[in-house]
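Note sheet for the following structure.
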Amino acid sequence: MRYNINDNLIYDAADGSLTPCGRDAPETQLSITASALFLFFITHKEIISRNEVLSRVWDDNGLTSSNSNLNQYLSILRKTFRQYDIENIIVTVSRGHLQLNPVVTVLPLAAESHEAEHTAQRQVSSQQTARNSSPKSPTRTLHTQGMCWYMASITLLVIAGLLVAFTLSGSVASRVITLNPIQHSLCELLASEEMLNSVSATSYVRNFEAVRQRLNLTCQPSERFVFFYGDRLQTNGLGRVYLAHCAMHENNPFSYCVNYFYYSWSAK
């Protein structure tokens, strides 16, 4: 909400800014508390007790209220508006009571925009009513509706056909991966045929040991490891690494597995 003060100053309650009329950029910025206090007074122009001000501005907003805080922000507001030739923006009416200075005029600017918005809405409503009241040809209306249903049906059929085609083209046949045991002095180690065809068994075991020891994994009975890594691990120590640490339960050797995947592994 924006307010015109004494026809020479614009106060924006949204950000607490004060902008002299005729200027585009704000000149003064009130603090959050000072803006809340000033907004309370311009929306409650009657005489108000200090206790009510403390309750509504401080207590209701979860702030600690005190007379010293109120006096401090009253002084800030008076000093700020004195720069714009407005003396005593908040006046003390009697002991313990305050009021927005009655000689100060405050007009909300949003009322004009709301009225323009309501006028535009009324104009749109009138135009819509006029269009609805104009005579229509029943035959043409039925024909138009039929064409719409026809086009919608064709569109749905085309979409359904495209979905079926994408589903069929994207389906990939499942491939069974055979895991072969690798001789290891401590652990039960398994490797795929593709992995064994790309590296030597000695390099495979050595790299497995490097990864296992880095992860602080121990070899236990009824546990097994599945290990895979990219070519770059063999050449310069970098590459994708996958390690599965599996435990047997009820004759299922892969009943429970903890998986480790690294996009880029570097040996220390």
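The values are calculated or read from the model by the stated rules, or taken from the named source; none is laboratory data. Bear in mind the structure is a predicted one, so any value in this text is a computation, not a measurement. Note that we place each Cβ from the backbone using ideal geometry, even for glycine, and neighbour counts take in every protein chain shown. Accessible surface is based on the protein model in full, side chains and every heavy atom, while ligands, DNA and RNA are left aside. Shrake-Rupley method; radii C 1.70, N 1.55, O 1.52, S 1.80 Å.
Observations
- Scanning region 19-43 for residues that are in a loop (DSSP other than H, G, I, E, B) and touching a helix residue (DSSP H, G or I) at 6+ places or on another chain (Cβ under 8 Å) yields Leu30, Ser31.
- Among the residues making up region 1-43, those that are surrounded by fewer than 17 Cβ atoms within 10 Å (Cβ to Cβ), touching a residue at least 24 places away in the same chain (Cβ under 8 Å) and of a type outside the set (S, T, N, Q) are Met1, Arg2, Asp7, Pro20.
- Unmet criterion (only one of (1) closer than 20 Å to Leu18 by Cα; (2) part of a helix (DSSP H, G or I)) for Asp60: (1)
- Residue list for region 161-204, restricted to those being part of a loop (DSSP other than H, G, I, E, B) and modelled with pLDDT of 85 or more: Cys187
- Candidates Tyr229, Tyr204, Tyr150, filtered to the one that is without any contact (Cβ under 8 Å) to a residue 24 or more places away in the chain and within 21 Å of Val258 (Cα to Cα): Tyr204
- A count restricted to region 85-108 and to residues that are of a type in the set (Val, Ile, Thr), open to solvent by 30 Å² or more (accessible area, probe 1.4 Å) and part of a strand (DSSP E or B) stands at 3.
- Meets criteria (under 29 Å from Asn251 (Cα atoms) and modelled with pLDDT under 75) for Arg224: no
- Screening Thr139 against (1) among the β-branched types (Val, Ile, Thr); (2) modelled with pLDDT under 90; (3) open to solvent by less than 60 Å² (accessible area, probe 1.4 Å) leaves a single unmet condition, (3).
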